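Heads up, the thing below is written out as structure tokens.
The values are calculated or read from the model by the stated rules, or taken from the named source; none is laboratory data. From a predicted model like this one, the values you see are computed outputs, not experimental measurements. For neighbour counting, all protein chains shown are included, and Cβ atoms are generated from backbone atoms with ideal geometry for every residue, glycine included. Each accessible area value is taken on the protein alone, full model and side chains, heavy atoms only, with ligands, DNA and RNA left out. Shrake-Rupley method; radii C 1.70, N 1.55, O 1.52, S 1.80 Å.
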Amino acid sequence: MNYPQAMQVLNFSEKGDARGRLVALEGSSAVCPFEIKRCYYIYDTTPGTVRGKHAHRRLKQLLVCVSGSCTIRCDRGNGQVEDVVLDWPDKGLYLEGLVWHDMLHFSKGAVLMVLASDHYDESDYIRDRAEFDREVAR
Ligand code: TYD
């Protein structure tokens with residue numbers, strides 16, 4: 001494999017008190033091991049839709065469903081597909097490099113926030129599954 005590949009489910013510490021709850025995420029920390037250069041969020045998703053359907057070459061991302069829930073279907077090209085359900089804002093999924101991922105089962109009102117290590121760069125995307133399989137086998 002010529003590119004990195006990592007996937008990890010993370011639990012953030014919640015700072016709760018009588019007023020409610022708060023999670024703070026800082027770049028270059030244990031839970032977000034990269035400098036945050038971009039944030040995007042997916043919301044108002046059409047029922048039944050599946051997003052993603054790609055992998056990255058080098059990008060590092062931290063996915064957090066800050067409202068509602070959704071499922072991230074992850075495939076490292078090893079014959080095993082893992083579904084990670086993000087259903088609370090204290091839970092995150094770290095993805096780096098060659099992990100093919102789909103985003104699906106968005107609940108009504110779900111907001112999926114993604115912190116990323118780099119600016120948007122289409123040349124970092126692998127959108128063709130056969131190309132992904134070739135990269136993993138390389
Ligand atoms: P797309 O890659 O299809 O979203 P997803 O893989 O999450 O389903 O992106 C949809 C559009 O938004 C596409 O035209 C590219 C654009 N886009 C940006 O301009 N910047 C970004 O950071 C992202 C993630 C997408």
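Key figures
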quantity: Those residues of the range 91-134 which are within 11 Å of the ligand (Cβ to nearest atom), part of a strand (DSSP E or B), under 17 Å from P4 (Cα atoms) and more than 11 Å from the chain's Cα centre (by Cα), in sequence order; calculated: Y125
quantity: Of all residues making up the range 35-53, the number that are within 15 Å of the ligand (Cβ to nearest atom) and in contact (Cβ under 8 Å) with a residue 60 or more places away in the chain; calculated: 10
quantity: Qualifying positions in the range 8-35 - at pLDDT 95 or above and under 21 Å from C70 (Cβ atoms); calculated: Q8, V9, L10, N11, F12, E14, R21, V23, L25, C32
quantity: Near pairs, Cβ below 7 angstrom, 6+ apart or cross-chain, from the range 84-106 (without any contact (Cβ under 8 Å) to a residue 24 or more places away in the chain) to any residue that is crowded, with 21+ Cβ neighbours inside 10 Å and assigned to a strand (DSSP E or B); calculated: D87/C65
quantity: Residue that is in contact with a Lys or Arg (Cβ under 6 Å, 6 or more places away or on another chain), of a type outside the set (A, V, I, L, M) and away from the ligand (no atom under 16 Å from the Cβ), where the choices are N2, N78; calculated: N2
quantity: Those residues of the range 86-103 which are open to solvent by less than 70 Å² (accessible area, probe 1.4 Å), over 22 Å from E131 (Cα atoms) and either of a type in the set (V, I, T) or out of contact with any Gly (no Cβ under 8 Å at 6 or more places or on another chain) (or both), in sequence order; calculated: P89, D90, K91, G92, L93, Y94
